[in-house]
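Peer 1: Just dropping this structure here.
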Amino acid sequence: MRASDKVYESLRADIVEWRLAPGTVLAEVEQSERLGVSRTPVREALGRLVADGLAVQQRGRGTVVSEVSEDHVEDLFVLRVALECASARQAAGSEQRASFAELAQRFEDAAHEVEIPGTREAYYQLVQLLDDSIDEAANNKYLSNALRTLRVHLQRVRRMAKDNPERLKASAGEHAAIARAIASGNPEVASAATTVHLHQSFTHIMAHAVGSERQ
């Protein structure tokens, strides 16, 4: 991996995990010293973060971590609904749809376990597996690429809301419904199940993350 790629991955992870908060100045000299590289790969990485929307250029300050606002979250979810519903519909019409029955069962099991301390990382890995499986079944590289970029921002937003046991339990049930609908081969039901999940997720984030920021 090139030095600029390593710097990019490191800074992106720090931004998504909120180790670098919105408004933090990403000075080339400081970051090159912190990461043990020259300024050139840092400059290249910062350009990629700006292109991703994770950082912005501000006059007099240089490159800074971008803000996360209520409007930002709403715009993300408008795009998320369009992309994920389309992807679920296509997955439901694929020859791989039968494999989603097993995923549905795993989510139904997870709904009873996610409140147990130490199980949440495994749950998030299961969510990632469902996302990857839908992308593969949908077999649409344009959808997959768009969703891959979007999910970076969504991971950042989710960190604002923290972990809520009741929400995670409900989310597991919603993911199970999506997987069951895809396994049944019904595109419209798969899309509807996805819409329900995204509505509940958006409502929770707005109430517990963006809402708390306004207080």
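The values are calculated or read from the model by the stated rules, or taken from the named source; none is laboratory data. Since we're looking at a predicted model, the values are computed, not measured. Neighbour counts are summed over all protein chains in view; Cβ atoms, including those assigned to glycine, are modelled from backbone coordinates with ideal geometry. Surface areas here come from the heavy atoms of the whole protein model, side chains and all, with no ligands, DNA or RNA. Shrake-Rupley method; radii C 1.70, N 1.55, O 1.52, S 1.80 Å.
Peer 1: Based on this model, can you work out whether Leu147 counts as in a helix (DSSP H, G or I), buried (at least 16 other Cβ atoms within 10 Å of the Cβ) and modelled with pLDDT of 90 or more?
Peer 2: It is true that Leu147 is in a helix (DSSP H, G or I), buried (at least 16 other Cβ atoms within 10 Å of the Cβ) and modelled with pLDDT of 90 or more.
Peer 1: If only one of Val152, Val157 is of a type in the set (A, V, I, L, M), in contact with a helix residue (DSSP H, G or I) (Cβ under 9 Å, 6 or more places away or on another chain) and surrounded by 18 or more Cβ atoms within 10 Å (Cβ to Cβ), which one is it?
Peer 2: Val157
Peer 1: Residue under question is Ser212, and the condition is that it be open to solvent by 50 Å² or more (accessible area, probe 1.4 Å), part of a helix (DSSP H, G or I) and at pLDDT below 95; does it hold?
Peer 2: Here the answer is yes, as Ser212 does meet what is asked.
Residue-by-condition table, conditions (1) in a helix (DSSP H, G or I); (2) without any contact (Cβ under 8 Å) to a residue 40 or more places away in the chain:
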position	(1), (2)
Ser4	yes, no
Val7	yes, yes
Arg12	yes, no
Ile15	yes, no
Trp18	no, no
Ala21	no, no
Glu33	yes, yes
Pro41	yes, yes
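Peer 1: Across region 2-44, what is the total count of residues that are loosely packed, with under 13 Cβ neighbours inside 10 Å and at positive phi?
Peer 2: 2
Peer 1: Now, a different point. How many residues, within region 101-112, are out of contact with any Leu (no Cβ under 9 Å at 6 or more places or on another chain) and either in a helix (DSSP H, G or I) or surrounded by 14 or more Cβ atoms within 10 Å (Cβ to Cβ) (or both)?
Peer 2: Of the residues in region 101-112, 6 are out of contact with any Leu (no Cβ under 9 Å at 6 or more places or on another chain) and either in a helix (DSSP H, G or I) or surrounded by 14 or more Cβ atoms within 10 Å (Cβ to Cβ) (or both).
Peer 1: Could you list, in sequence order, all residues of region 55-74 that are open to solvent by 60 Å² or more (accessible area, probe 1.4 Å) and out of contact with any Phe, Trp or Tyr (no Cβ under 9 Å at 6 or more places or on another chain)?
Peer 2: Gln57, Gln58, Arg59, Gly60, Arg61, Glu67, Glu70, Asp71
Peer 1: Report yes if Val81 is aliphatic (A, V, I, L, M) and assigned to a strand (DSSP E or B), otherwise no.
Peer 2: When the stated conditions are applied, Val81 does not pass them.
Peer 1: In addition: I'm trying to understand the selection: among the residues of region 45-54, which are aliphatic (A, V, I, L, M) and open to solvent by 20 Å² or more (accessible area, probe 1.4 Å)?
Peer 2: Val50, Ala51
Peer 1: Let me ask you something else. Is it true that some residue in region 45-65 is under 20 Å from Ala207 (Cα atoms) and either modelled with pLDDT of 95 or more or part of a helix (DSSP H, G or I) (or both)?
Peer 2: No, there is no match, as no residue in region 45-65 is under 20 Å from Ala207 (Cα atoms) and either modelled with pLDDT of 95 or more or part of a helix (DSSP H, G or I) (or both).
Peer 1: So which pairs qualify, if the first residue must be in region 186-198 and part of a loop (DSSP other than H, G, I, E, B), the second must be open to solvent by less than 10 Å² (accessible area, probe 1.4 Å), the Cβ gap must be under 8 Å, and the two must be at least 6 apart or on different chains?
Peer 2: Sorted first by the residue in region 186-198, then by its partner, the pairs are Asn186/Ala92.
Peer 1: Residue under question is Val42, and the condition is that it be in contact with an Asp or Glu (Cβ under 7 Å, 6 or more places away or on another chain) and either farther than 30 Å from Asn139 by Cα or among the aromatic types (Phe, Trp, Tyr) (or both); does it hold?
Peer 2: Here the answer is yes, as Val42 does meet what is asked.
Peer 1: Is there a residue being over 29 Å from Gly23 (Cβ atoms) and crowded, with 19+ Cβ neighbours inside 10 Å anywhere in region 75-84?
Peer 2: Yes, that holds for at least one residue.
Okay, residues lined up against (1) at pLDDT 95 or above; (2) crowded, with 16+ Cβ neighbours inside 10 Å; (3) not in a helix (DSSP H, G or I):
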site	(1), (2), (3)
Gln125	no, no, no
Gln128	no, no, no
Asp132	yes, no, no
Ala137	yes, yes, no
Ile182	yes, yes, no
His204	no, yes, no
His208	no, no, no
